[in-house]
Amino acid sequence: MVSLARAFAALLLLGPWQRAGAAEFVVGDVAFGWDSGVNYAAWARGRAFAVGDVLVFEYVSSQHNVYEVSESTYHSCDTGGGGSGVRVRYTSGYDRVVLADARSYWFICDFPGHCLGGMKLAVNVSGA
Ligand SMILES: *[C@@H]1O[C@H](CO)[C@@H](O)[C@H](O)[C@H]1NC(C)=O
Ligand SMILES: [Cu+2]
């Protein structure tokens, strides 16, 4: 029996961000994923991100995480002080982040030293 919740979830999947051609990006590509020592600015530079696209963060969840943060926290790498610059925490090791809005998104790894070491990603998302 198909539960109502499942049917509803299927409806949600057909939300307004589902345009034809929505792209899914494995951050760092499958070869590197989300890890230390990868230049994510270089990875993002050759790509165009539009509303509805999906970023997939793949990593070992005991070694990394993904925080969506404010621009200032992206630059400072400082998530202390109440964490006011942290918008969303992802920790599963396989996180699919829908870029639902036309705006800038900033992501960092909050494991000690990782963001300062360059484990951070900024993307600009354009309207569909
Ligand atoms: C995003 O757009 C802003 C404003 O144009 C620009 O300053 C910034 O460098 C862009 N960031 C990325 C990652 O492309
Ligand atoms: Cu990390």
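Here, each number is a calculation from the coordinates, and none is a lab measurement. Treat the numbers as computed from the prediction; the structure is a model and nothing was measured. Positions of Cβ are generated from backbone atoms using ideal geometry, with glycine treated the same way; all protein chains shown enter the neighbour counts.
What the phi angles of segment 23-36 give under the Karplus curve with 6.51, -1.76 and 1.60, with θ = phi - 60°, is a coupling list of 9, 10, 10, 7, 4, x, 6, 4, 5, 10, x, 9, 7, 6 Hz, glycine and proline written as x. Each of V56 and A23 was given a label point 7 Å from its Cα along the Cα-to-Cβ line. The distance between the two points is 1.5 nm.
Other residues whose C-beta falls under 13 angstrom from the C-beta of L116 contribute a net charge of -1, scoring Lys and Arg +1 and Asp and Glu -1. Equivalent-ellipsoid semi-axes for segment 28-126 (Cα gyration tensor, √(5λ), whole Å, largest first): 19, 16, 13.
Distant-in-sequence amide contacts of V125, defined by a placed amide H-H separation under 5 Å and a gap of 5 or more residues or a different chain, comprise R103, S104, Y105.
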